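Chemist: Pasting in a structure now, in structure tokens, and then I'll have a few things to ask.
The values are calculated or read from the model by the stated rules, or taken from the named source; none is laboratory data. The shown structure was predicted, so the numbers you read here are calculated from the model rather than taken from an experiment. Cβ: placed from backbone, ideal geometry, glycine included. Neighbour counts: every protein chain shown. Please note that ligands, DNA and RNA were not included when accessible areas were found on the heavy atoms of the full protein model with its side chains. Shrake-Rupley method; radii C 1.70, N 1.55, O 1.52, S 1.80 Å.
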Amino acid sequence: MKILLVTAIFLTSLTSFSQKEQSSILVGQKAPMFKAMDQYGKTIASDEILKNEQLIVVFYRGQWCPYCNKHLSHLQDHVGNFKKAGARLVAITPETTMNVSKTIDKTKAEYSILHDVDSKIMKQYGVDFVLPEKLQKKYKEYGIDLVVSNGNDDQTLPVPATYVIGKDGIVKYVQYDPDYKNRSNAKEILKHL
């Protein structure tokens, strides 16, 4: 099992060659608004959240990614701090609802996790990339089938990224790095709330 995880992480690192080097959405720009269903079947609309709270948007690849699970668990540990600072956390993934349930089991996430149907939100934020065909085959060899995980055959994943959006809809903080190991941390997010 450990060898499988190490191999999957190595393969994930190879995907950085097809990713954009920087975020399409920058600090000071208006954030794209979105609407999607969370794990509770509730429609979450970013413009509705921003009427009362700031918004923290986190993109992650899937329950099969140990770095994603570690990051989401870390953020769960700080949900109370985000709330005290007047912000709400929302995670966005291409995974199907069934796989979102696996993420929740692994991370104990209590915040909304949105299934990004057809990668629409990822595309709005410019964090999307298509996994190269050679890596698609390698992922499958190690039990990672994005068709099954994401419920479509477009092989699209997000660059792990975090955006803090003020109540005015303006982006206040961006953490975007094609190196999957580099993620936002709660301390940095809280500095921008």
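Chemist: Filter the range 90-106 down to residues that are out of contact with any strand residue (DSSP E or B) (no Cβ under 9 Å at 6 or more places or on another chain) and not aliphatic (A, V, I, L, M) and give me whichever is nearest to His74 (Cα to Cα).
Modeler: Among those residues, the one meeting the criterion is Lys106.
Chemist: Sticking with this one: How many residues does the range 175-193 contain that are in contact (Cβ under 8 Å) with a residue 24 or more places away in the chain and not in a helix (DSSP H, G or I)?
Modeler: Qualifying residue count for the region: 10.
Chemist: Name the pairs whose Cβ atoms lie under 7 Å apart, with the first residue in the range 18-33 and on the phi < 0 side of the Ramachandran plot, the second in a loop (DSSP other than H, G, I, E, B) and among the small types (Gly, Ala, Ser), and 6 or more positions between them or separate chains?
Modeler: Filtered contacts from the range 18-33: Lys20/Gly126; Ser23/Gly126; Ser24/Gly126; Ile25/Ala31; Ile25/Gly126; Lys30/Gly169; Ala31/Gly169.
Chemist: For residues that are within 21 Å of Arg183 (Cβ to Cβ) and open to solvent by 10 Å² or more (accessible area, probe 1.4 Å), scanning just the range 40-66, find the one that is nearest to the chain's Cα centre (by Cα).
Modeler: Gln63
Chemist: Another question about this same structure. Of the residues Met98, Met37, only one is open to solvent by 30 Å² or more (accessible area, probe 1.4 Å) and either under 12 Å from Ile165 (Cβ atoms) or without any contact (Cβ under 8 Å) to a residue 40 or more places away in the chain (or both); which?
Modeler: Met98
Chemist: Return the residue satisfying two criteria in turn: it lies in the range 101-131 and is of a type in the set (Val, Ile, Thr) and open to solvent by less than 10 Å² (accessible area, probe 1.4 Å), and of such residues it is farthest from the chain's Cα centre (by Cα).
Modeler: Thr107
Chemist: So which residues in the range 42-96 are charged (D, E, K, R) and either over 27 Å from Val148 (Cβ atoms) or assigned to a helix (DSSP H, G or I) (or both)?
Modeler: Matches in the range 42-96: Asp47, Glu48, Lys51, Glu53, Lys70, Asp77, Lys83, Lys84, Arg88.
Chemist: Examine the range 128-148 for a residue that is among the acidic types (Asp, Glu), without any contact (Cβ under 8 Å) to a residue 40 or more places away in the chain and under 21 Å from His71 (Cβ atoms), and state whether such a residue exists.
Modeler: Yes: the range 128-148 contains one or more residues that are among the acidic types (Asp, Glu), without any contact (Cβ under 8 Å) to a residue 40 or more places away in the chain and under 21 Å from His71 (Cβ atoms).
Chemist: While we're here: Take the conditions touching an Asp or Glu at 6+ places or on another chain (Cβ under 9 Å) and under 23 Å from Val27 (Cα atoms) and apply them to Ile170. Does it pass?
Modeler: In short, no.
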